[in-house]
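Trainee: Before I ask anything, let me first share the structure, which is written out below as structure tokens.
Values quoted throughout were computed directly from the atomic coordinates according to the rules given, and no laboratory measurement underlies them. In this text the structure is predicted, and so the values were computed from the model without any measurement. No Cβ is skipped: glycine too gets one built from the backbone with ideal geometry, and neighbour counts run over all protein chains shown.
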């Protein structure tokens, strides 16, 4: 059987079903990061790799940005648990055509994001490889009360995001369509959102301090895909209101010019690295005020109900089931990249 | 400038020279694993990746063995600090031709070594890739008194290894020379040593309890390369006695039949994952007895002197400087693979 027949999530489920966890594993495979018992504080542990030709194309993206983003996406996984990122190790596979200047640029990007988020790079491995590969493993920490899982949504909760969506998808579109007409400042904004995402660490840690915040995940695969992760892990049904999907205004403009539905880019684009979370209705005011202190929004996009599945509420009030479509490796017919 | 002009170790030195470490980093880049402050126990953190076509050839090696070895070599890095391996995350890049059965086999090997060494696999990432890539990051723990560095050798110390060397090199030779005459049991032994190394975790932890044990490293690149790491990091000179290099007997036989010097395979072969350590002479009896309890040997191979560099003492008593030759990625003219 070919891997694309079962898809990335099917493969992960299959491979990890027989993995034994041990004492000290509070949460193993199945959330943005593992949660490990570690005395008074919990230890968070995550990994994510990027591969040239799969995740990026060096014709379009600078090596420095690859370094930046490869660590940033891991930091977002720690933020998505309510944690503080601490220590990273980095394995790089360097192709023959790579020069020392390229390697310097890669590490310049890595160092920049590490500095911005207080991460210490404490180890690594370098090897040859047919294409550029950067595999990062990152530790983080959180107090036991401050960790948030994707499995904790409760019926009645409001579903919210910390900022606009579709910015990365808009940047990717502009990157792949060089001459597409777009005002320069908006182009720069969208390209930056795609290449240099800013994980929501302060917002994630703040959400972990608020008892009214229940489930938490980051938007890496896309709102639809990540909301469906919450629905499945929590055993609930999620409704997303189409009119409430906060599409990045610059993306809206580009999508309309390209004849596409901007909401699709917000729902399925992925790689925005905003946080998606569910909140008890009574806590909405407190959560919104707390997030604004961290420079993040609290934008309601849907609600949690009893049942299962992910549904979109259209502007006329009718419901349509949302596929989990979004970025999935090995998918036979899925993904927008 | 091309990367092979400065070599793997030159590249690592260059890339990591500007890396900032933070509070809590007891030892960052530069040993087998990072050492991090973590309350009463220290946290160890390491990463190592293997890439098809660079580290292994699936024409010769089973996918299951790739899984096994990719985690085993990381476990050896924790053993080389005197630590106990605990939690792993695993990023895999899977090529198009990979089947679900291949992925199952990869994880069977990973699970086997995880079970054997009490490691919990708590997370991972799967992605497409042009060739098979397995990148492992592993945590471990140790008491502050139990950690051993490569930088702690003292003049007067005896240099020792925990077992025979060159077994992996012999296995690699047989693997690449299919019809080479070799008795079946010896062939099986050497192939197993190459494909399924058994990291010396119990021995490493035991060595960490003995105050007479000073420097510790694992033999991944080869005795010559790893002894030179100790010499440089400790600011000492090391002498290795040619007659004392404990070449694996089966390798000795194969090397002689192939018209090669068996000692070269012991010195430069690498991937034996034995431990290399230095001991105060007065502690040799205690160390030897303690290691035999863990099923490991204490084989003296050299001594530590004031000065610098790595020298081999020939059987007639004359000295020859040893190059650091061993496995080095990107080397312009080095490595035995």
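Trainee: Per residue of B:49-55, how many C-beta atoms from partner chains lie within 10 Å of its own C-beta, taken as a mean? Let's see the in-between values first.
Mentor: Numbers: counts 12, 4, 8, 2, 3, 5, 3.
The mean count of partner-chain Cβ atoms within 10 Å per residue comes to 5.
Trainee: Extending each Cα 7 Å along its Cβ direction at residue B:202 and residue B:40, get the distance between those two points in nm, one decimal.
Mentor: Between residue B:202 and residue B:40, the label points sit 2.6 nm apart.
Trainee: Right, here's the next one. So what is the relative contact order for chain A, in percent, with contacts set as C-alpha pairs under 8 Å and at least six apart?
Mentor: Value for chain A: 22 percent.
Trainee: What FRET efficiency comes out for residue A:241 versus residue B:289 if R0 is 60 angstrom and r is the Cβ-Cβ distance? Round to the nearest 0.05.
Mentor: About 0.25, to the nearest 0.05.
Trainee: Ignoring everything except DSSP H segments at least 4 long, calculate the 222 nm mean residue ellipticity for the protein assembly as shown; use -39,500 (n - 2.57) per segment, divide by total residues, nearest 500. Intermediate values should be presented prior to the final figure.
Mentor: Working: 20 runs with 232 residues, N = 674.
Result for the protein assembly as shown, helices only: -10500 deg cm²/dmol.
Trainee: While we're on this one: Put a point 7 Å out from Cα along the line to Cβ at residue A:293; what are the distances to that point in the other copies, in nm, shortest first?
Mentor: Here residue A:293 shows inter-copy label distances of 5.4 nm.
Trainee: State, to one decimal in nm, how far the label point of residue B:211 lies from the label point of residue A:316, with both points 7 Å from Cα in the Cβ direction.
Mentor: Computed distance between label sites residue B:211 and residue A:316 equals 8.4 nm.
Trainee: Checking a compactness column here: for the protein assembly as shown, what do you get for Rg(Cα) / (2.2 N^0.38 Å), N being the number of residues?
Mentor: 1.01
Trainee: How big is the shadow of the Cα convex hull of chain A, averaged over all directions, in nm²?
Mentor: 18.1 nm²
Trainee: Next question. Given the options B:213, B:100, B:136, which has the most mean-square fluctuation in a GNM of chain B, springs set between C-alpha atoms less than 10 angstrom apart?
Mentor: B:100
Trainee: May I ask you to report, in nm to one decimal and beginning with the shortest, the distances from residue B:115 to the same position in the other copies, taking label points 7 Å along Cα-to-Cβ?
Mentor: 4.8
Trainee: Something else: At 7 Å along Cα-to-Cβ for each site, give me the label-to-label distance between residue B:17 and residue B:96 in nm.
Mentor: Each label point lies 7 Å from its Cα, and together they span 4.2 nm.
Trainee: Taking the label point as lying 7 angstrom from Cα along the Cα-to-Cβ axis, what are the distances from residue B:308 to the corresponding position in the remaining copies, in ascending order and in nanometres?
Mentor: 6.6
Trainee: Please express the Cα-Cα pair-distance distribution P(r) of the stretch A:1-110 as a list of whole percents, one per 5 Å bin, running from 0 to the bin with the greatest distance.
Mentor: 2, 10, 16, 18, 16, 16, 13, 8, 3, 0
Trainee: To continue, here is another question. Note the full-extension length gain between residue A:305 and residue A:57 as 0.36 nm times their separation in residues minus their Cα-Cα distance, in nm to one decimal.
Mentor: 85.2 nm
Trainee: Which residues among the stretch A:235-260 fall inside the zone where the amide N is under 17 Å from a point 7 Å beyond the Cα of residue A:177, along Cα→Cβ?
Mentor: A:248-260
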